[in-house]
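Undergrad: One structure follows; several queries about it will come next.
The values are calculated or read from the model by the stated rules, or taken from the named source; none is laboratory data. The structure presented is a predicted model; accordingly, all values stated were derived computationally and were not measured. Cβ placement follows ideal geometry from the backbone for every residue including glycine, while neighbour counts extend to all protein chains displayed. The protein model used for the area step is the full one, side chains on, heavy atoms only, and it has no ligands, DNA or RNA in it. Shrake-Rupley method; radii C 1.70, N 1.55, O 1.52, S 1.80 Å.
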Amino acid sequence: MLRLQLPLPQRYTAASDDDLADRIAAAKETLGDRVFILGHHYQRDDVMRWADARGDSFRLSVLARERPEADYIVFCGVHFMAESADILTADHQAVILPDLNAGCSMADMADLDQVEEAWDVLAQTTDIERVVPITYMNSSAAIKAFVGEHGGAVCTSTNAKAVVQWALDLGDYQGRGARGRQVLFFPDLHLGRNTGFQLGYGEADMRVWNPRLEHGGLNDSDCKESTFLLWRGHCSVHQRFRPEHIREFRAEHPDGIVIVHPECAREVCAQADNVGSTDYIINAVADAPKGSVISVGTEIHLVNRLNNETPDKTIVSLDPLVCPCSTMFRIDAPHLAWVLESLVDGRVVNQITVDRQTAEWASLALNRMLDIT
Ligand code: 13P
Ligand code: SF4
């Protein structure tokens, strides 16, 4: 998805780290309670140090909603998170993304046209009333709105099991019980598959819908018979973790603990000791016994921060050749200084707004999730 971030003026790009830190501190002080800075766990330290709240993708939006006195929510995260914050916050609150190019490659793998096309194809093949669309939080507001309008719900990596169970339990479709229902899950193939397995389903109950192929690459009976239609999307950061990384870690640390994010592939999650969202990973590290050696399969900035902030345990990345989330990494001190100093000058830059109709349907899908969990 093309989002145009104009280059920053030289007074930001050429500034030293100390100068930027002084300017961010001064702007923050001037703005006081009118600004609330949110930092997703994957942000780099020189951004995270300025965050008024840290959290996972969903918790941050809820925190923004609980701060009505903040006219400006500066979201140090990625585009879909800022959209969710705009949907959940009051009209007088402006949500700002410091770099418009901070997208999420996974969220971009399901666009509205493709999803509508898939829905039309399924409507010709199967009884579309059976199909419940479920979207992961990592999706555009337009996709969340589609889901809201078509009777489905949003899920996060923490509550995906409860949300998918809710979808399967929606009415006793033609006397066939839960298996009478079908779930169209997007955009993360792995979270969908991991959740299906958690609920006791197997590979035979799942088919992968490839939006690049005609008819999703499936035949009619695949579309009709499978309980799960999993959109072919993935996170390039989490897809790197492999079962051999777990084997190598366990060979070196037989008592070590492995914790991974559910965006990792099924064969990785199956061998891990714990699987959960970024908030879940943080809590699992805190709960581990002193002296533990813990291998974590998620974005490297969170892994390093956990290691630095937990001196009585050793926390390492599951993949020794780590790769950061390159879009999260776009948010840096120069962009943060720029948006804050612009606010001090009375200019709101990089505001993320979701149009009213999209926001209404999307918040229906978000609220269904909240009611379920
Ligand atoms: P969380 O919801 O766990 O913060 O995850 C967001 C994300 O983008 C993971 O890659
Ligand atoms: Fe998206 Fe993956 Fe980055 Fe999370 S880590 S924001 S899923 S690209």
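Undergrad: With the condition kept exactly as written, say whether any residue in region 60-69 is of a type outside the set (Gly, Ala, Ser), open to solvent by less than 20 Å² (accessible area, probe 1.4 Å), at pLDDT below 95 and within 23 Å of residue 370 (Cβ to Cβ). Before you say what the answer is, go through the steps one by one.
TA: Filtering region 60-69 for residues of a type outside the set (Gly, Ala, Ser) gives 60, 62-63, 65-69.
Filter once more, so that each one left must be open to solvent by less than 20 Å² (accessible area, probe 1.4 Å): 60.
Next, from what is left, pick out any that are at pLDDT below 95: 60.
When the remaining residues are screened for being within 23 Å of residue 370 (Cβ to Cβ), the result is 60.
Within region 60-69 (the criterion being of a type outside the set (Gly, Ala, Ser), open to solvent by less than 20 Å² (accessible area, probe 1.4 Å), at pLDDT below 95 and within 23 Å of residue 370 (Cβ to Cβ)), the answer is yes, since at least one residue qualifies.
Undergrad: Follow-up question, since we're still on this one. Can you confirm whether region 15-32 contains a residue that is within 26 Å of residue 300 (Cα to Cα), surrounded by 11 or more Cβ atoms within 10 Å (Cβ to Cβ) and not hydrophobic (A, V, I, L, M, F, W, C)?
TA: Looking through region 15-32, none of the residues is within 26 Å of residue 300 (Cα to Cα), surrounded by 11 or more Cβ atoms within 10 Å (Cβ to Cβ) and not hydrophobic (A, V, I, L, M, F, W, C).
Undergrad: Please go through region 223-258 and pick out each residue that is in a loop (DSSP other than H, G, I, E, B), in contact (Cβ under 8 Å) with a residue 24 or more places away in the chain and farther than 21 Å from residue 190 by Cβ. Walk me through it before giving the result.
TA: Keep residues of region 223-258 that are in a loop (DSSP other than H, G, I, E, B), which gives 226-227, 232-237, 241-242, 253-256.
Still in the running and in contact (Cβ under 8 Å) with a residue 24 or more places away in the chain: 226-227, 232-237, 241-242, 253, 255-256.
Of everything in region 223-258, those that are in a loop (DSSP other than H, G, I, E, B), in contact (Cβ under 8 Å) with a residue 24 or more places away in the chain and farther than 21 Å from residue 190 by Cβ turn out to be 253, 255, 256.
Undergrad: Shifting gears a bit: Would you point out which residue out of 321, 366 is at negative phi and not in a loop (DSSP other than H, G, I, E, B)? Write out each step before concluding.
TA: Numbers: 321 fails: not in a loop (DSSP other than H, G, I, E, B).
None of the others qualify; the one that does is 366.
Undergrad: Among (1) modelled with pLDDT under 95; (2) open to solvent by 70 Å² or more (accessible area, probe 1.4 Å), which single condition is residue 324 missing?
TA: Residue 324 satisfies all of (1) modelled with pLDDT under 95; (2) open to solvent by 70 Å² or more (accessible area, probe 1.4 Å) except (2).
Undergrad: I need the full set of residues from region 327-359 which are under 30 Å from residue 149 (Cβ atoms), in contact (Cβ under 8 Å) with a residue 60 or more places away in the chain, out of contact with any Asp or Glu (no Cβ under 7 Å at 6 or more places or on another chain) and open to solvent by 70 Å² or more (accessible area, probe 1.4 Å), in order please.
TA: Once the filter is applied, which keeps residues that are under 30 Å from residue 149 (Cβ atoms), in contact (Cβ under 8 Å) with a residue 60 or more places away in the chain, out of contact with any Asp or Glu (no Cβ under 7 Å at 6 or more places or on another chain) and open to solvent by 70 Å² or more (accessible area, probe 1.4 Å), region 327-359 yields 351, 357.
Undergrad: If I ask for residues that are buried (at least 19 other Cβ atoms within 10 Å of the Cβ) and within 30 Å of residue 166 (Cβ to Cβ), which ones from region 233-255 would you list? Working first, answer last.
TA: Applying the first criterion (buried (at least 19 other Cβ atoms within 10 Å of the Cβ)) to region 233-255 yields 233-235, 237-238, 241, 245-246, 249.
Residues satisfying the conditions are 233, 234, 235, 237, 238, 241.
Undergrad: Please go through (1) touching a Phe, Trp or Tyr at 6+ places or on another chain (Cβ under 7 Å); (2) open to solvent by 60 Å² or more (accessible area, probe 1.4 Å); (3) under 18 Å from residue 334 (Cα atoms) for residue 35 and return the number of the only condition it doesn't satisfy.
TA: Result: residue 35 fails condition (2) only.
Undergrad: Restrict the check to region 286-294 and report whether at least one residue is at positive phi and either crowded, with 21+ Cβ neighbours inside 10 Å or more than 16 Å from ligand 1 (Cβ to nearest atom) (or both). Show your work before the answer.
TA: Initial filter on region 286-294 (at positive phi): 291.
The next check asks that each one be either crowded, with 21+ Cβ neighbours inside 10 Å or more than 16 Å from ligand 1 (Cβ to nearest atom) (or both); those that pass are 291.
The answer is yes, given that some residue of region 286-294 is at positive phi and either crowded, with 21+ Cβ neighbours inside 10 Å or more than 16 Å from ligand 1 (Cβ to nearest atom) (or both).
Undergrad: Still on this model: Taking the conditions exactly as written (open to solvent by less than 10 Å² (accessible area, probe 1.4 Å) and aromatic (Phe, Trp, Tyr)), does residue 42 satisfy them or not? It would help to see each step written out before you state the result.
TA: Working: open to solvent by less than 10 Å² (accessible area, probe 1.4 Å): no; aromatic (Phe, Trp, Tyr): yes.
Against the criterion (open to solvent by less than 10 Å² (accessible area, probe 1.4 Å) and aromatic (Phe, Trp, Tyr)), residue 42 does not qualify.
Undergrad: Follow-up. Given (1) more than 16 Å from ligand 2 (Cβ to nearest atom); (2) in a loop (DSSP other than H, G, I, E, B); (3) of a type outside the set (Lys, Arg), identify the lone condition not met by residue 339.
TA: Residue 339 satisfies every listed condition except (2).
Undergrad: Something else about it: Could you list, in sequence order, the residues of region 76-98 that are part of a loop (DSSP other than H, G, I, E, B), surrounded by fewer than 24 Cβ atoms within 10 Å (Cβ to Cβ) and in contact with a helix residue (DSSP H, G or I) (Cβ under 9 Å, 6 or more places away or on another chain)?
TA: Quick first cut of region 76-98, residues part of a loop (DSSP other than H, G, I, E, B) only: 77-78, 89-93, 97-98.
Applying the additional criterion that residues be surrounded by fewer than 24 Cβ atoms within 10 Å (Cβ to Cβ) yields 89-93.
Listed by number, the residues that qualify are 89, 90, 93.
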